[in-house]
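Trainee: For reference, the structure I am asking about is given below.
Values in this text are rule-based calculations from the coordinates and carry no lab data. Just so it is clear, the structure is predicted and the values come from calculations on it, not from any experiment. Cβ atoms come from the backbone with ideal geometry, glycine included; neighbour counts cover every protein chain shown.
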Amino acid sequence: MKKVIIIAMLLSLICVCGLSAGVCFADESSTTTSEWYYFEKSNDTPNLPLREIANAEGKVLLYIPHSYAFQKLEEPNGAFIKVKYNSKEGYIDTKAFNNNCKKVTTKWGSNPYAYDLSDLNITVDKVTPYKMDMTLDSHSFDKSEITINSIFGYHIKGNDYYFLVDATAVIYNTPVPIYGYIKASDTSKANFNEDTIPESAGYILQTTVEKPTTPSGDINSGDNNPPSADNNGSNTQSPKNSLDRYILIAVIAVLCVVIIILIFVPTKKRQQ
C-alpha cells in the first residue's frame, strides 16, 4: 500500500511540474510578438527601409526615421525580420536590425514611438497622387478637392521625397479614398528630407545617461502604444502568472515533503 501511495504522489509531482513548465513557456512566448526597438542610423546604414515583402528586391513602403521605434512582430528568419511601424507592417533587413536597432526601455517615458508627419500640417495647392507602384494617378487635384487624413511615413525615390498617405479626393462630386504617395515638392513641405526630422524625445531620454529614468505612463493612442517594459525592454510579468507560479512551487514543495516522509518513515507492522 505504501508503494502505491508513493507512486501516486510521484505521478502527481510530475503533473504539477508539467503545469509549471507550461505556465513558464506561455509567459515567455507572449514576449516574442510585443518587443519594441528603435533605429539608430550609422554611416553604413543611414536609413531603414520597411519593405512590403521579405526580399531585397521588395518594394519599400516607407523609411523608419532615425531615433524612432517600431514593434518586432517575429523573430529573425533569414535575411529579414517582420516588424510594424506606425500601423504599417513590413520587413527590415536582419543585419541592419542587429547592428542598428536597440530595445526601448522605460526611459523612453510617455513619448510617441513613431514620427507623426500629420503634425506637420502638410497642405497641397495642386497634386497628382502616385499609386503604390509609384506610377502617377490619372487625376490631379486642387487643394479643395483632396483631404489628407493620415501620413504614415516618407519614401525616397532618386533625389525626390514622397509621403505615404491615406487621403480622400473628390471626383465628379463623389468622395474617393486614395492610398498612395504624394510628392513632397507638391506640398507645403517641399524642402522635406530625413535630416529635418527631429530626434525623438524618447530616444534622447534613453540615450542620455545623465538624465534620470522618467516615470512610466500612458503612451499615445493607436500604434504608438507599447507594452509595459522593464529596464531591459522586456514585458513585465502579469500578476496572475506570478501568483500561479508561487502556488505551483508551494504544491511541489508539499508533495516533495510528503514523498520523503513516506519513503523514510517506517510503517508499523500489523499485530498478529
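Trainee: May I ask you to derive the FRET efficiency for residue 207 and residue 249 from their Cβ-Cβ distance with R0 = 41 Å, giving the value to the nearest 0.05?
Mentor: 0.55
Trainee: Each residue of region 51-58 in turn: what ³J(HN,Hα) in whole Hz from Karplus with 6.51, -1.76, 1.60 and θ = phi - 60°, glycine and Pro shown as x?
Mentor: Here the 3J(HN,Hα) series is 9, 6, 10, 7, 7, 4, 8, x Hz.
Trainee: Taking 0.36 nm per residue of sequence separation and subtracting the Cα-Cα distance, how much length would be gained by fully extending the chain between residue 138 and residue 190, in nm to one decimal?
Mentor: Computed gain between residue 138 and residue 190 is 16.5 nm.
Trainee: PRE reach from residue 98 (point 7 Å along Cα→Cβ): which of region 57-85 fall under 17 Å by backbone N?
Mentor: Answer for this model: 74-82.
Trainee: So, one more: Which order do peptides 120-131, 145-156, 188-199 fall in by mean Cβ count within 10 Å, highest first?
Mentor: Packing proxy ranking, top to bottom: 145-156, 120-131, 188-199.
Trainee: Can you order the peptides 84-97, 159-172 by their average number of other Cβ atoms within 10 Å per residue, highest first?
Mentor: Going from most to least packed, we get 84-97, 159-172.
Trainee: Next up: Can you pull the one-decimal nm distance between simple spin-label points at residue 257 and residue 41, each 7 Å off the Cα toward Cβ?
Mentor: Label at residue 257, label at residue 41, 6.3 nm between them.
Trainee: What distance in nm lies between label points placed 7 Å from Cα along the C-beta direction at residue 57 and residue 126?
Mentor: Rounded to a tenth, the inter-label distance reads 3.9 nm.
Trainee: Mind checking the full-extension length gain between residue 119 and residue 73? Use 0.36 nm per residue of separation minus the Cα-Cα distance, one decimal, nm.
Mentor: 13.9 nm
Trainee: With a ≥ b ≥ c the root eigenvalues of the C-alpha gyration tensor of region 78-154, is it rounded (a/c under 1.5), prolate (a/b larger than b/c) or oblate?
Mentor: oblate
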